[in-house]
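J.: Sharing a structure with you now.
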Amino acid sequence: MSVQEKNESIPQSSGRSRLWAFLNSSFGLFILSSVVLSFMTWAYTEVSHSIEQRKVTTESVTKLKTEMSYRIRLINDYFESECSEDSILSERGKKTFEDIRSIYRAEPIYQSIFSENKQKDLHILLWELAALLDGDEQKAFFVSFGSMLNFNAYLNRLNEQTAADGSFYGKPVDFKKEVAELKSKFSAATRPIANELPGVVTSTTLI
């Protein structure tokens, strides 16, 4: 090694020596341990927070899917059991629409499974769930949400006082026709998400 090369290596060696000396000193070890400890604490906090958020999201998704499955099954069962005979429809009249609305909103007769979902319309639950999902599953629930709004709007019109008086858009209420229309709209709204909800079977048979 030439004299010049030796001279150039002296500052580098000297710098490394001072660095190691500092790191091996009490103060250097204190600084180093503080930095490492702070980083480890931050990393642990971030990981723990992420795990907790995923847990909360998973629980929310499970509860929302369970609640929606329950209400959808109730409405489908109601269509099949209570709306199958002309005589029954004539006798029940507007109460048919009131009952469906009660299931849809989980009040006052039909109750929600989870208290936080009481008096929440089914389309609201759809929106809340879609916001927690992603990808194709999220898209399916947003599509369902739009169709469910149409069902809800039609159901609300049937629950207005004019329908109670036996008139719908100025004409006598044809309960069989209107229930069939409701059933069709509800089937269209639930079809995109039937495979995503436990125990939900979408009915395609109209009255």
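J.: From L122, L129, which residue is buried (at least 20 other Cβ atoms within 10 Å of the Cβ), within 26 Å of F175 (Cβ to Cβ) and touching a residue at least 40 places away in the same chain (Cβ under 8 Å)?
T.: L122
J.: Are there helices (runs of 4 or more DSSP H) fully within segment 92-207 with at least 1 residues that are at pLDDT 90 or above, acidic (D, E) and farther than 18 Å from F79 by Cα? List them.
T.: Per the criteria, 122-132, 135-158.
The values are calculated or read from the model by the stated rules, or taken from the named source; none is laboratory data. Everything numeric here is computed off the predicted structure, so don't read it as measured data. Backbone-built Cβ (ideal geometry, glycine too); neighbour counts: all protein chains shown.
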